[in-house]
Amino acid sequence: MNGMNAVPEIAVRFRKGGRSARRAVADKAASGGTGGRFQRTIPAYELLDDVALALIEEQAEWILDKVGIEFRGDEGALALFRDAGARVEGCRVRFEPGHARALCATAPARFSLHGRDTRMTVELGGDNVVLMPGYGSPFVTDLDRGRRYASLEDFHNFVKLTWMTPWLHHSGGTVCEPTDIPVNKRHLDMVLAHLTLSAKPFMGGVTAPERAHDSIAMVQLAFGEAFVDANAVIQGNINVNSPLVYDETMSGALRVYSEANQCVCVSPAIFGGAMGPVSPAAMAAQTLAEAMAGIALAQLVRPGCPAVLGSFHSTMSLRTGSLSFGTPEANLVTMALAQLGRRLGVPVRSGGGQVTSANMADGQAMQDSANAMWATILSGANQVWHAAGWLEGGLTMSYEKFILDLDNCGALLRLLEGMTVDPEAFARDAYFEAGPGQNFLSTRDTVQNFANANYEPLLPEAGPFETWSERGSQTAVERANRVWKEMLAAYAPPAMEPGVEQALSEFVAERKAAMNDEWY
């Protein structure tokens, strides 16, 4: 695995932390580190007591026993469940109470997800927190060109921006859809970009089993087959067709990743009133049931395969049918699922992140996003998708909102570091230097700690009204527009061995040449 070039100053200067306890973080940033492991030091919020959690788990078991989960078009998955003792009728799989949970028991509670640069390796589970950008948007938007279909250039840009920030620890997956590339070949360009433009962990293709195979083959070229067989270096996003259905594409991709000992993140997608009942308790129970079935399948394919309990849930307007994000009901589900995942014994991917149904990076967008992100961070979730850039219910990735969201990510990660209480923090000598009625700006404590005492926002400060007005009365969105351009201008790719890069390029070229273009 490779080292990387020094990170440009534009990226380094946004890593301000707090006091001496965070000086190591600043030192790492100065030497080129832009991600890696992050642990919370404040406790997760426990929303529900054991009685309530047990009732939700009992409902999940009832769903698995009395209703069941369908695995459509995947005889291999059905055979595995049948051999394991589940009740299989047609494509419907039912589990005796406790059976699916028992099958999940071999999934690790914690595991490392390796970056191509070892300093970027993250750990999922426990108190670890991993943030990543938005996922799956077919459109992008910025102040200069407006809303448009995403291109491979846009995809490259967001991978570069993610690489440069310390507040995102994971490169993501389909950060936006490169719609100028044929559908059946996009995964090749996306995996190549994640491997060459970044050195952080990332997600591979899942939209067909053969695309999952291609993704595994590419990381084997980058990391080596033996290393990949023994370590997780890539994730597959396995979306459940809620309610209660896995199609052959998703279960097939799940089995490919599991066979290769790579991480599967099983993500039911439940909007209350559409894919499940409206109550937060029912949404949590159904999510748990659907996820346990997928994690159980992964363990039947390869016991010990790393898995994440994911979710993508929210409410919808029961008057109009429109989707909504950042709502209190959805946030309650986020907190409950983090508790349920810890009881199941697997890492948890939050259904929140900085999500919104707003069409532009306005007050509604930031309010929705902040509400959802606060619940996610407090819940104790280990992996947070959609932490930056999301607009329009996920249809659009915004360059400017990406920067605005990064600022909030940095501030919330600072919060998770907690408060240092020690003799140094009290700065007693400063009281003798300043004395009653005097300010502390010139004391030794302030001079020594001013650079790292507080979280420093990514966006330039607007200053007092007069200064802000003289500089053009720029909004936060307009200032964000300048920042993302500066970051891209300063981007430098991480180092990669020439032979590996050539092998990857040749693999992509050969696979593309072997397929006709498919645009749907």
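The values are calculated or read from the model by the stated rules, or taken from the named source; none is laboratory data. All figures in this text were calculated on a predicted structure; none of them were measured in a lab. Counting neighbours? That spans all protein chains shown, and the Cβs are built from the backbone with ideal geometry, glycine included.
Here A365 meets each of (1) surrounded by fewer than 18 Cβ atoms within 10 Å (Cβ to Cβ); (2) farther than 29 Å from Q39 by Cβ; (3) touching a residue at least 12 places away in the same chain (Cβ under 8 Å); (4) touching a helix residue (DSSP H, G or I) at 6+ places or on another chain (Cβ under 9 Å) with one exception, condition (1). Checked against (1) touching a Ser or Thr at 6+ places or on another chain (Cβ under 8 Å); (2) in a helix (DSSP H, G or I), P493 meets all criteria but (2).
The residue of region 53-82 that is surrounded by the fewest Cβ atoms within 10 Å (Cβ to Cβ), among those that are without any contact (Cβ under 8 Å) to a residue 60 or more places away in the chain and either touching a helix residue (DSSP H, G or I) at 6+ places or on another chain (Cβ under 6 Å) or among the charged types (D, E, K, R) (or both), is K66.
Pairing residues of region 200-228 that are over 22 Å from G310 (Cβ atoms) and surrounded by fewer than 24 Cβ atoms within 10 Å (Cβ to Cβ) with residues that are modelled with pLDDT under 95 and of a type outside the set (G, A, S), at Cβ distances under 9 Å and at least 6 apart in sequence or on separate chains, gives F223/M1; G224/M1; F227/M1.
Just one of the numbered conditions (1) out of contact with any Lys or Arg (no Cβ under 7 Å at 6 or more places or on another chain); (2) crowded, with 23+ Cβ neighbours inside 10 Å; (3) over 19 Å from N231 (Cβ atoms) is not true of V140: (1).
Taking region 98-178 as the region of interest, the strands (runs of 3 or more DSSP E) fully inside it that hold 2 or more residues being under 14 Å from the mean Cα position of the chain (by Cα) are 122-124. Listed here are the helices (runs of 4 or more DSSP H) enclosed by region 7-94 that have at least 1 residues being modelled with pLDDT under 95: 9-12, 23-30.
Only one of L221, L131 is out of contact with any Lys or Arg (no Cβ under 6 Å at 6 or more places or on another chain) and either farther than 27 Å from A476 by Cβ or at pLDDT below 95 (or both); which? So the residue among L221, L131 that is out of contact with any Lys or Arg (no Cβ under 6 Å at 6 or more places or on another chain) and either farther than 27 Å from A476 by Cβ or at pLDDT below 95 (or both) is L221.
Within region 179-204, the set of residues being polar (S, T, N, Q) and not in a helix (DSSP H, G or I) comprises T179, S198.
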